[in-house]
Structures are given as structure tokens and as C-alpha cells.
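Note sheet for the following structure.
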Amino acid sequence: MNIPNQPLNQKILKYVITVLIVVGSIWSASGLEITPDRIFSAPGKIWILISAMFPLDLSQEAIDRIVPKVAESLFIAWAGTVIGAIFSFPVSFLAANNVSLNSLSRLTKQVLNIIRAFPELILAFVLLPITGLGPLTGTLAVGIHSIGTLGKLSSEVIEGIDEGPLESIKSSGGSKLNELFFGVVPQVMPTITSYWLYRFEINLRASAVLGVVGAGGVGAELINQLRFRDFPRAGTVLVVTILMVLIVDTISASIRRRIIKGREIKV
Amino acid sequence: MTDTLFDPKWEWAFENASQALLETIQIAILASILGCFIALPLSFYASKATNQTTTTYIIYKSFLNFIRTIPDLFWAMLFTVAVGLGPFAGVLALVMFSMAIMGKLLSETIDSIDLGPLEAAKASGAKHNQAVFTSALPQILPNFTAYFLYIFELCIRASVILGLVGAGGVGRIIETQRIFLRFDRISPIIVLILLAVIAIEQFSVWLRRKIL
């Protein structure tokens, strides 16, 4: 039996990619002073840290300090997502090239790209001298970053719509605005809503770490406990955060599934 | 205080931040490669299509879910305490980060592969591992490449901020200058980061179009 040979250019591409990956990782590892003995001693050191955290510090005082901080992270994430959703929704219409002017869409997309290039923490950094320490800075940072990401995702949803309904609205005498309201919005709303929820899950993780720079949330608590070598309490912070994220993820995922797939029909 | 933010000291930034920026990129490259290639076999175990054993499926799936709940900077904090300050902790943190994302994306892709080739390989006498290797792996390789590039971009963004907790990279310089409230030195660094991130992202978009 004859098996056809792989085309030559594919073969070359395969080797080029392999070489790129190997050379890239060696170059990086050498630049970062990563030696084999550091790698092999790492698991033991990590195990020491984990065992230092147990038993967890579950005293009333610790719980009273940590739970409000975790809740603050949740509030920052929710408020930030709402800001992102409200502002990104109209912007995404401007950025979608099938409902907007060509030049305007290109410009909006570039602006969204620039917003997205700032990580939330760097944004929080820039905002710190303006809005001061506290959750307001974190909320704004999360919100602005969400505008960038949600704007991009939503505009891609709008670009992928079925043009049929738009045409029928136009042919029955509807204006351009009617087309948007009755043709585009009903088509994109389920997907965009599920993206908002998805963004909320991501923002939750982002807001948890914002405390590191003093922008509110549970991050400050964790870094302080680790600095003071109070490992049981740091463990409590971690466990409470993980629980909160898991619960929110589960709820949000089930809502998203319900939005996209509809009610499950049992036969 | 905000006035100094708009009075950037460019020369200082070029002199002091370029080395750290390179370190940031190296952390991202190494961590995304390691994380993605560790996640590749794991995600076969975390998918119902290629792993029929319910107990191991649940173990791998919940392991991937668990590491996904901890934010990247929390990993960095934990690893700086465990293995000491420096880029090594940053690499470990981002390995966990990229492993979690790749595990989730890839295992969900494997869930939806075409089971026909797998069955055909098994019918012609292949063991389970052989069947997975010859008929499931080629189906998901294009997705793997796309996800890899996407995760590389995420890692670049994430590695910028690792230095804030002492895990190496350009964030370290931002952190020290922030303590001294030298916003005139921070603003050019932020612009440099922005340019580097956008350039790498464009490169990755170009590469994705070229490969796929």
C-alpha cells in the first residue's frame, strides 16, 4: 500500500516550529537563571509552604476581616462588569463593520485594541494618583479594561449576524435605526449577555488581585499575610477566595448555558 | 502628583527598563510553552471522549478547575514565598496560569472531536493510547496551535504585572518607582510595555493567519 508523502513545505514548517519552540524555551530559561537544581528543589519548597498553611486560621477575628474583603472583590467585579457592559454595547455597534461606517469601524477597533493592551493592574496604577487608594480605582480599572474586551467580542458577534432580517426590515420601509433595534439587537443579545457573564467571571479573578497595588479587594489581605509570614491566615484567604470563585463560576456558567441553549427538554 | 505622569523621562526608561522588559518576554515564552505542553496530555484525561474511566476523568477535570480558580498574581505571590523572589517564581506562576486555560479550552475541544477515527483505529487493533495518539491528537492540533498563540498573548500581559509582587519582569521597576511616587518614570515604562504588547500581539495574529 502506498501512503502519500507529506508535502515538503509542511515538513519544513513542522521542523521550523519545533526548532522555534526549543530555541525559544532554551533562550528564555538561560536568561532567567533557571537551573536544574532549582527546578528539582521547587516541589519540596512548595510542599513546605502548603503544609505551613494547615490547619487554617478559622478564628472569628480572621473570618471577620477576610470575608468583607472577599465580598469587596465581588462588588468591584460586578460594578466593573456593569460599567464595561453599558459602555461597550453602543461602542460595539460603532466597531462592527457591517452596521457602521468603514472608517469609523476601523478607528473604533484601534481604540478598543489600545484599551485592551493595558492590563487591569497597570490601569489601576495609572488611576491611583487620580482617584486615590480604594475600591473606586479598582472598579474603574476593571470597568475600562472590560470596555475594551467586551467591545471587541460584541462587535465580532454583530459582524457575524444573519443579514436577512435587516433586509426585510429595509424592504418594509424601516429606517436604519429600526434595522438596528429590530434586526441586530434581538439576534446578538443572547450571545452578548453570555459574554457579559463570562467577563464577570474573569473580572472576579482580576479584582481579587487588584489589592496588590492598593485598589481594593482581597489581594492586599493575601500579600500582607504572606509578608508577615502568617501562613494559616493566608491559607484562609486563599480558601475563601477559591470558594467564592467556584460558587460564582458555577452559577454564572449555568446561567450562560441556559441563555445559549434554552431550557433543557426532558423527553 | 498627576502632573509628573505627563512629564515622562524617556532616557531613564530606556536605560533601566529594556533589560527587565526582555525578562518579561522570556518569562512569557518559557511559561506558555511549558504550561501548554503539560496541559496537552492532561486535557486528554480530562475529556469524556478519550477517557472512559469516570474516577480519573473527575480527578483530572477538577484538578484543572481548581488551578483555574486561583488568579495569576495569587500564584505568583505563593511561588515567591515558596521558591524565593525572582523570575523563576514568575515562570512557575504563569505555567499554572497557562496550564489551567489550555486545559479547559483543549479538553472542551476534545469533547467535541469526531469519534469515528478513534473507533476505526481501535477496530484495527490499536491500544487506547495508540488510538488517541494517531486519531484524536491530529484532530485537535490546529486548535492547540491557535490556543497556544492566544495563551502566549495572555502570558505577555500577565507577566508585565508579575513584578509587582517580586516575581521578576518589568513590573519590579514599576513597583519600586511607585513607592517613591516617581510617576514621571512610570509613565514612559507603561508606554514601552504598551508598544511591546501591541507588537507581539500583531506578530501573533500574523503567525496564526500563516499557520492556520
### Task
Take the residues in segment A:209-267 that are touching a Lys or Arg at 6+ places or on another chain (Cβ under 9 Å), assigned to a loop (DSSP other than H, G, I, E, B) and away from chain B (no Cβ under 11 Å), then tell me which one is modelled with the highest pLDDT.
A:Gly216
### Query
Taking A:Val70, is it touching a residue at least 40 places away in the same chain (Cβ under 8 Å) and within 13 Å of chain B (Cβ to nearest Cβ)?
yes
### Query
Counting only residues that are of a type in the set (Asp, Glu) and farther than 13 Å from B:Tyr45 by Cα, which one in segment B:104-133 is nearest to the chain's Cα centre (by Cα)?
B:Asp114
### Task
Being among the hydroxyl-bearing types (Ser, Thr, Tyr) and either open to solvent by 20 Å² or more (accessible area, probe 1.4 Å) or more than 15 Å from the chain's Cα centre (by Cα) (or both) is the filter here, so list the residues in segment A:179-222 that pass it.
A:Thr191, A:Thr193, A:Tyr195, A:Tyr198
### Query
Based on what the data block shows, is A:Asn113 in a loop (DSSP other than H, G, I, E, B), at pLDDT below 90 and under 26 Å from A:Ile161 (Cβ atoms)?
no
### One residue from A:Thr131, A:Thr139 being surrounded by 19 or more Cβ atoms within 10 Å (Cβ to Cβ) and either within 24 Å of A:Ile192 (Cβ to Cβ) or among the polar types (S, T, N, Q) (or both)
A:Thr139
### Task
Can you give me the number of residues within segment A:168-215 that are closer than 30 Å to B:Phe74 by Cβ and of a type in the set (S, T, N, Q)?
4
### Task
Filter segment A:158-188 for residues that are within 14 Å of A:Pro90 (Cβ to Cβ) and either outside any helix (DSSP H, G or I) or of a type in the set (A, V, I, L, M) (or both) and give the result.
A:Ile158, A:Leu177, A:Leu180, A:Val184, A:Val185, A:Val188
### Query
What are the residues in segment A:88-110 that are among the aliphatic types (A, V, I, L, M) and either assigned to a loop (DSSP other than H, G, I, E, B) or crowded, with 18+ Cβ neighbours inside 10 Å (or both), if any?
A:Val91, A:Leu94, A:Ala95, A:Ala96, A:Val99, A:Leu101
### Message
Return the residues of segment A:36-50 that are open to solvent by less than 60 Å² (accessible area, probe 1.4 Å) and more than 9 Å from chain B (Cβ to nearest Cβ); say none if nothing qualifies.
### Response
A:Gly44
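A quick yes/no check of all residues on (1) farther than 30 Å from B:Ile173 by Cβ; (2) of a type outside the set (Ser, Thr, Tyr):
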| position | (1), (2) |
| --- | --- |
| B:Glu15 | no, yes |
| B:Gln26 | no, yes |
| B:Ser47 | yes, no |
| B:Ile58 | yes, yes |
| B:Met77 | no, yes |
| B:Gly84 | no, yes |
| B:Gly90 | no, yes |
| B:Leu94 | no, yes |
| B:Leu105 | yes, yes |
## Note on the structure
Of (1) at pLDDT below 90; (2) within 11 Å of chain A (Cβ to nearest Cβ); (3) assigned to a helix (DSSP H, G or I), B:Leu30 fails just (1)
### Test: A:Ile66 is part of a helix (DSSP H, G or I) and open to solvent by 70 Å² or more (accessible area, probe 1.4 Å)
no
### Message
With more than 23 Å from B:Ile174 (Cα to Cα), in contact with a helix residue (DSSP H, G or I) (Cβ under 9 Å, 6 or more places away or on another chain) and either in a loop (DSSP other than H, G, I, E, B) or aliphatic (A, V, I, L, M) (or both) as the only criterion, which of A:Ala141, A:Ala85 stands out?
### Response
A:Ala85
## Note on the structure
Among (1) more than 11 Å from chain A (Cβ to nearest Cβ); (2) open to solvent by 10 Å² or more (accessible area, probe 1.4 Å); (3) at pLDDT below 85, B:Gly166 falls short only on (1)
### Query
Residues in segment B:172-191 that are in contact (Cβ under 8 Å) with a residue 60 or more places away in the chain and not β-branched (Val, Ile, Thr): how many?
8
### Query
Only one of (1) more than 10 Å from chain A (Cβ to nearest Cβ); (2) open to solvent by 50 Å² or more (accessible area, probe 1.4 Å); (3) β-branched (Val, Ile, Thr) fails for B:Ile211. Which number is that?
(1)
### Summary
All conditions in (1) closer than 21 Å to B:Gly163 by Cα; (2) more than 13 Å from every other protein chain (Cβ to nearest Cβ); (3) open to solvent by less than 80 Å² (accessible area, probe 1.4 Å) are true of B:Trp10 except (3)
### Test: B:Leu40 is touching a Lys or Arg at 6+ places or on another chain (Cβ under 7 Å) and more than 12 Å from chain A (Cβ to nearest Cβ)
no
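The values are calculated or read from the model by the stated rules, or taken from the named source; none is laboratory data. All of these numbers come straight from a predicted model, not from anything done at the bench. Cβ atoms come from the backbone with ideal geometry, glycine included; neighbour counts cover every protein chain shown. Side chains included, ligands, DNA and RNA excluded: accessible areas come from the protein's heavy atoms. Shrake-Rupley method; radii C 1.70, N 1.55, O 1.52, S 1.80 Å.
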